[in-house]
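Notes follow the structure.
The values are calculated or read from the model by the stated rules, or taken from the named source; none is laboratory data. Here the structure is a predicted model, which is why all the values come from computation and not from measurement. Neighbour counts run over all protein chains shown; Cβ positions are idealised from the backbone, glycine included. Each accessible area value is taken on the protein alone, full model and side chains, heavy atoms only, with ligands, DNA and RNA left out. Shrake-Rupley method; radii C 1.70, N 1.55, O 1.52, S 1.80 Å.
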Amino acid sequence: MSNAASSSDKTPSFEMTWGSSTSSGYCSEEDSDSEFEQYFTARTSFFPKIRKPNLNVKQDEQTECGKQELTTADIQQKVKEYNAQINSNLFMNMNKDSSYTGFIKVQFKLARPVSVTHPKKGGHDAAGRKASGVKRRTSFYLPKDASKHLHISSRTSAREVIEALLKKFTVVDNPGKFALFERSERHDQVYVRKLSDDERPLRLRLCAGPSEKVLSFVLKENETGEVNWHAFSMPELKNFLRILQREEEEHVKQIVQRYALARTKMQEALAGSTPG
């Protein structure tokens with residue numbers, strides 16, 4: 001699997017395509033083993049808001065095209081049809097061994113923060129901040145509109161795509177925390193399906209064609225039940241506790257203000273009323 005096309009004039013920029021910036025928030029000053037741990041959050045609340053289920057989003061099953069075996073002639077024809085439909089230079093190319101290479105775009109829909117390592121002095125991190133000479137690790141929320149193009153092979157598995165994405169963003173979290181999903185729109189309905197680790201995303205892209213409505217890829221948390229707090233580092237857990245403390249203080253403040261306002265209105269009503 002390569003991270004760039006063979007020809008420089010046909011290789012798109014792999015710069016991150018998010019538009020919003022990551023805001024700085026709570027920072028720890030833990031310093032252990034000469035590694036400065038620094039944490040940023042871009043949420044106003046540690047606990048996610050309870051959302052109503054989207055009735056238009058349904059769990060999907062693997063398409064027939066994704067199940068059937070394709071002959072070399074089938075692949076050549078589909079690659080030809082695919083390349084005829086795109087308006088960019090993100091072409092698919094056949095290899096002599098009947099494999100093929102091409103590009104997939106992956107959107108990030110992560111609800112929890114990720115931990116990244118800072119590059120060497122003089123470079124920039126994933127959020128565009130200039131790095132210092134101190135080795136640091138940063139935890140922050142990726143913007144919802146972040147996306148990335150990857151140049152992969154028809155033999156590249158979904159697991160390898162996840163690992164490549166984490167490597168490009170210098171994310172040090174366990175790849176098992178994440179899962180790759182396919183998303184499609186059909187008949188005013190949105191269907192999502194979690195890809196197994198050994199599925200081939202480029203094969204799915206070829207079968208579906210280049211339309212993002214017909215098929216798109218999304219990186220999300222691998223929801224397996226309760227949060228495994230043991231998977232987080234000690235500085236991360238301490239940072240979460242600080243966030244919880246700040247939220248608790250804010251909630252207490254709001255409750256006190258609400259009752260104080262109610263008490264004031266009651267006292268005003270009592271003062272303005274006549275006995276009897």
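Structure note, pairs K96/K220; K105/K144; K80/K213: Cα-Cα distances above 25 angstrom occur for K96/K220. From the Cα gyration tensor of segment 154-196, with a ≥ b ≥ c the square roots of its eigenvalues, which class applies: rounded if a/c is under 1.5, or else prolate if a/b is larger than b/c, or else oblate? Cα axes put segment 154-196 in the prolate bin. Extending 7 Å from the Cα toward the beta-carbon at both Y259 and S98 defines two label points whose distance is 7.4 nm. Length gained on full extension, V192 to S233, computed as 0.36 nm times the residue gap minus the Cα-Cα distance: 11.6 nm.
Among the protein heavy atoms, those of R203 account for about 50 Å² of accessible surface (1.4 Å probe, every chain in place). Only protein atoms count toward the accessible area here, which uses a 1.4 Å probe; on segment 140-276, the carbon and sulfur part of that area reaches 54 percent.
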